[in-house]
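Quick one: the structure is below, questions incoming.
The values are calculated or read from the model by the stated rules, or taken from the named source; none is laboratory data. This one's a predicted model, so the numbers in the text were calculated from it and none came from an experiment. Cβ sites come from the backbone with ideal geometry, for glycine too, and all protein chains shown count toward neighbours. Quick note on the areas: whole protein, heavy atoms, side chains included, nothing else; ligands and nucleic acids left out. Shrake-Rupley method; radii C 1.70, N 1.55, O 1.52, S 1.80 Å.
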Amino acid sequence: SKSLSDEENLKLFGKCNNPNGHGHNYKVTVTVRGEIDPISGMVINLTDLKEYMQEAIMEPLDHKNLDKDVPYFAEVVSTTENVAVFIWENLKKLLPLGILYKVKVYETEQNIVVYKGEETI
């Protein structure tokens, strides 16, 4: 985080605090919900969903240095939580209103983030 000192970054991010960056092979699952079309039997055509995911996830993020190549992360710390929010926001712009239910980002098998958009308590 640019807003923290080197010592604070080390304490907060541990081994992920590398001034030259580090990489991940994220796995992302997207869950949609809605009315099932009586003719197709689908909530959304999976071919369309794959195209939306390609545009919202793969094109901006695949094989990129998030901190240097993705403008969103110039001001936002590239944690898995923020990657999930980024993906959610990109997909929400493309999918029919209200259909996006959940974005799940696997940083590792043990580090998983689930994001369902802004929820009020």
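Does any residue in the range 37-54 that is farther than 16 Å from residue 91 by Cα come within less than 7 Å, Cβ to Cβ, of a residue that is among the hydrophobic types (A, V, I, L, M, F, W, C) six or more places away or on a different chain, and which pairs are these?
42/36
What is the number of the single condition among (1) in contact with a helix residue (DSSP H, G or I) (Cβ under 7 Å, 6 or more places away or on another chain); (2) farther than 29 Å from residue 14 by Cα that residue 67 does not meet?
The number of the failed condition is (2).
In addition: Go through the residues of the range 3-17 one by one and say whether even a single one is open to solvent by 50 Å² or more (accessible area, probe 1.4 Å), closer than 22 Å to residue 105 by Cα, of a type outside the set (Phe, Trp, Tyr) and modelled with pLDDT of 95 or more.
no
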